[in-house]
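Input: a single structure, listed below in structure tokens.
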Amino acid sequence: MDSDRYDRQRRLREVGVAGQLEIERSQATIPAGRSTSVELAYLVRAGVARVVVDSGRQRTASHSSFFRFSGPRAVADGAEGALAHLLTCLELS
């Protein structure tokens, strides 16, 4: 565990030291598609140990219809996917 890199996350009461350890031990499988790079970036920055891209999986975020253009829609899809994984690690979903 990098003592400085995830310090802000560990300070959050929702994450804490134990939660950050769970994130760092976790593995995520994400769908290939337009939101892959966004979701991958969020998960790696959060400290997820291993991320696998699965070309067979597809997902659309629950709020995708709110975005008119594909760029913002891809960011929303990626962010929602990353958040779902992190909440599962923290058992807050």
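The values are calculated or read from the model by the stated rules, or taken from the named source; none is laboratory data. On a predicted model such as this, the values are computed, not experimentally measured, just so you know. Counting neighbours? That spans all protein chains shown, and the Cβs are built from the backbone with ideal geometry, glycine included.
Does at least one position in the stretch 15-30 carry a residue that is in contact (Cβ under 8 Å) with a residue 12 or more places away in the chain, of a type in the set (Ser, Thr, Tyr) and not in a helix (DSSP H, G or I)? Lay out the reasoning, then the answer.
As a first pass, look at the stretch 15-30 and keep what is in contact (Cβ under 8 Å) with a residue 12 or more places away in the chain: 15, 19-30.
Then keep just the ones that are of a type in the set (Ser, Thr, Tyr); that gives 26, 29.
With not in a helix (DSSP H, G or I) added as a condition, the list becomes 26, 29.
Yes, because at least one residue in the stretch 15-30 is in contact (Cβ under 8 Å) with a residue 12 or more places away in the chain, of a type in the set (Ser, Thr, Tyr) and not in a helix (DSSP H, G or I).
For SER62, work out the one condition from (1) outside any loop (DSSP other than H, G, I, E, B); (2) among the small types (Gly, Ala, Ser); (3) free of Cβ contacts under 8 Å to residues at least 24 places away in the same chain it doesn't fulfil.
(1)
Hey, among the residues in the stretch 53-74 that are hydrophobic (A, V, I, L, M, F, W, C) and surrounded by 10 or more Cβ atoms within 10 Å (Cβ to Cβ), which one's modelled with the highest pLDDT? Working first, answer last.
To start, the set of residues in the stretch 53-74 that are hydrophobic (A, V, I, L, M, F, W, C) comprises 53, 61, 66-67, 69, 74.
Those still in the list that are surrounded by 10 or more Cβ atoms within 10 Å (Cβ to Cβ) too: 53, 61, 66-67, 74.
Numbers: VAL53: 95, ALA61: 63, PHE66: 84, PHE67: 84, ALA74: 88.
Out of the qualifying residues, it is VAL53.
Just the residues that are buried (at least 20 other Cβ atoms within 10 Å of the Cβ) and among the polar types (S, T, N, Q), please, taken from the stretch 23-52.
SER35
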